[in-house]
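Just so it is clear, none of the values below were taken in a lab; they were calculated from the coordinates. Here the structure is a predicted model, which means the values were calculated and not measured. Reconstructed Cβ throughout: ideal geometry from the backbone, glycine too, with neighbour counts over all protein chains shown.
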Amino acid sequence: MEEKNNNKKLFLIGGFIVGILLIIGMTISITLFIFKNQDPAVSQQESLPISKEEAENIALEAVSGNILYTTLDNDDGEKEYEVYIQTDSVVKEVTINAHTGVIEEIDVED
């Protein structure tokens, strides 16, 4: 009887340890998956001389309005921010070189 209780205790302890190891393994797998599938634009943005916020400030100096959104694009090997600004009457796209901060063009969106 005592041996049966000891076997049950060992079985429960073993199951508990296996459960903990599975949880740890799943946590590590999920973390690696997230970092492996991280948006490359985000990681590339961190190493650029001009930040997204700086690009938005540069755009707002050229065009008055409210920023709708900003994207980081690769145009012929050059990284550039495209800042979309709602003015009183239209949406304007301000393209800014992500390395120099120079405004490359301002377009009116259709």
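Against the chain, whose longest principal axis is taken from its Cα atoms, helix 52-62 shows a tilt of about 20°. Here the Karplus curve 6.51 cos²θ - 1.76 cosθ + 1.60, taken at θ = phi - 60°, turns the phi angles of segment 15-32 into couplings of x, 5, 5, 4, x, 4, 4, 5, 4, 4, x, 5, 4, 5, 4, 5, 4, 5 Hz, with x standing for Gly and Pro. The label point for Glu78 and the one for Ser47, both projected 7 Å from the Cα toward the Cβ, are 2.0 nm apart.
Note on Ser64 and Thr27: the model spin-label points, each 7 Å out from Cα along the C-beta direction, lie 5.4 nm apart.
Using a Förster radius of 25 Å, what is the FRET efficiency between Leu10 and Ile34 based on their Cβ-Cβ separation? Nearest 0.05, please.
Values: r = 37 Å, r/R0 = 1.46.
Step by step, r from the Cβ atoms, then E = 0.10.
Along segment 91-97 the Karplus relation, 6.51 cos²θ - 1.76 cosθ + 1.60 evaluated at θ = phi - 60°, assigns HN-Hα couplings of 9, 10, 9, 9, 9, 10, 5 Hz to successive residues, with x for each Gly and Pro. Just so you know, the averaged projected area of the alpha carbon convex hull for the chain sits at 11.5 nm². Counting lysine pairs in the chain whose alpha carbons fall under 22 angstrom apart, excluding pairs fewer than 8 residues apart on the same chain, gives 4.
Protection proxy ranking for 48-58, 65-75, using the average of other Cβ atoms within 10 Å per residue and placing the highest first: 48-58, 65-75.
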